[in-house]
Amino acid sequence: MIIDMDQHMYERPEMWAEYCDPSKRHLALTIEPDELGHWWLTSPWLGRRISYAYVSRPRDGFKNAHTVGGHHGIEVLARKFRSEVNYATDLPVDYWDPAARVAKLDDFGIDVSIALPHWAGTWANVRRGVWDHLEVLRANMEAWNRRAIDIQQQGAGRLMAIGLVSLRGGDQSWLGSQLSALSTGGVRAAMLTYGLQDDRPLSHTDHDRAWSAFVEHGIIPVFHIQDATRNSGLSEEWFTSDHDQIASALEMPFYAEGVRLALADLALNGTLERHRTLRVCVIEFCAQWFGQLLAGVDHAYRFHGRVTGRHIRDLPLMPSEYLLSQVRLVAHWAQDDVPLLAERYPDNVMFGGDYPHCEGLLSPYADFSRSVGPLPEPESTKFYGRNAGELLDLR
């Protein structure tokens, strides 16, 4: 099987209201036009525009400002031109409709694809999203999860929807109920932030019940790239010179720092040892840094033990062994040396084309394999499908 571990399903403007609990519908997000016809992801309850609602085209690289809108609306604000794109009517059907996406998979020569939410990276855990309003956060996550179950069921085994959850709030009953509902609906993975949760790291023992719940319900935690400052602990004051709060130029060299820190935290502080059957999936961070992280956590473990006379946690295995055993990563067709990664970490790296994002591939499998060149066996079979199949328990 060819399995694409990085595809997205756009949310239509009415999706959150349609799938929201009726008692919480006033908290639903929406996508609505301004006076010039530009569409914005908006929280009416908070009176806040969160992000420009662009319609991406694979491989356009944000070049078409008049159609993409300068990605996050910067060109819209500067030029004040009337939009040529109607988000509600101009979304290609396969961007949001499960049956149309399955037909597209046939065109791509892809057997199975995961289906990540599109806008969750901009509203759930970013500076100008709804992070600080837990009731809004949860209501809209619940709405997406109901949508994810529909995608899963309509996808006929070809689309593996990704849920959306949070560890915030202290009481783990909400998380447990969402994981249970996702699992019952056939969903096998859920995206969550890799940043601090109520000022606590992911390894905090208060989160142990949460990690146990992921395992109990057969749900894989997914870390997908989101706001770098929120999720890495970097001070936001570093980035005030940039007009774009979401895609800051200064943040870009450090885009993977947050997830590297999270993985090191889970390994060094014993979470992966306490939950040996937990598997974590990392998407859209590239993977070239993985070897450096493996060496770094082992060096830190040894050096800390020598200098202080004791380890941060006494672990039966070296920290890198937990990461190699329990973490899977999606490699990038242009920024990673895929043949080298597949040779060194044959059980860890996986294929993903990021369709239909503008930095993604127009024909994901064909374009990816052409760009990286042929991989030897068994690395090729593992990279393009077997690792993902085992992770998602596809038989």
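A short reminder: the numbers here are calculations on the coordinates, not readings from a lab. In this text, all values refer to a predicted model and were calculated from it rather than measured experimentally. When we count neighbours, we look across all protein chains shown, and the Cβ atoms used for this are built from the backbone with ideal geometry, even at glycine.
Extension gain, Met252-Glu18: 0.36 nm per intervening residue step, less the Cα-Cα distance, totals 80.7 nm.
Could you list the residues of segment 173-199 with an amide nitrogen less than 16 Å from a label point located 7 Å from the Cα of Arg209 in the Cα-to-C-beta direction? Hits in segment 173-199 for Arg209 at 16 Å: 173-180, 198.
If R₀ is 25 angstrom, what is the calculated FRET efficiency for the pair Asp150 and His26, using the beta carbon separation as r and rounding to 0.05? Step by step, r from the Cβ atoms, then E = 0.65. When the alpha-carbon atoms of segment 240-308 are used, the pair Rg, Dmax equals 15.2, 46 angstrom. List the residues of segment 171-209 whose backbone N lies under 12 Å from a point placed 7 Å from the Cα of Ile312 along the Cα-to-Cβ direction. Of the residues in segment 171-209, 201-204 have backbone N under 12 Å from the label point off Ile312.
The simple spin-label model puts a point 7 Å past each Cα toward its Cβ; for Arg395 and Ser177 those points are separated by 3.2 nm. Radius of gyration over Kirkwood radius for segment 18-63, both on Cα atoms: the Rg/Rh ratio is 1.10.
List the relative contact order of the chain as a percent without decimals, with contacts defined as Cα pairs under 8 Å and 6+ residues apart. Relative contact order comes out at 19 percent. Relative to the longest principal Cα axis of the chain, at what angle does helix 98-108 sit, 0 to 90 degrees, rounded to 10? Roughly 70 degrees between the two axes. Estimated at 0.36 nm per residue, the fully extended path between Thr89 and Arg302 surpasses their Cα-Cα distance by 70.9 nm.
Computed from the Cα positions only, the extents of segment 346-395 along the three principal axes stand at 30, 23, 16 Å, in decreasing order. When the chain is treated as a GNM with alpha-carbon contacts under 10 Å, the residue of Leu179, Leu329, Leu340 showing the greatest mean-square fluctuation is Leu340. In whole percents, the pair-distance distribution calculated for the chain from its alpha-carbon pairs, binned every 10 Å from zero, is 5, 23, 34, 27, 10, 2, 0. If R0 is 51 Å, the Cβ-Cβ spacing of Ala103 and Ser241 corresponds to a FRET efficiency of close to 0.65.
Where a ≥ b ≥ c are the square roots of the eigenvalues of the C-alpha gyration tensor, would you call segment 74-185 rounded, which needs a/c under 1.5, or, failing that, prolate if a/b is larger than b/c, or oblate? In terms of gyration-tensor shape, oblate. Ordering Asp199, Asp347 by the number of other Cβ atoms within 10 Å of each residue's own Cβ, fewest first, gives Asp199, Asp347.
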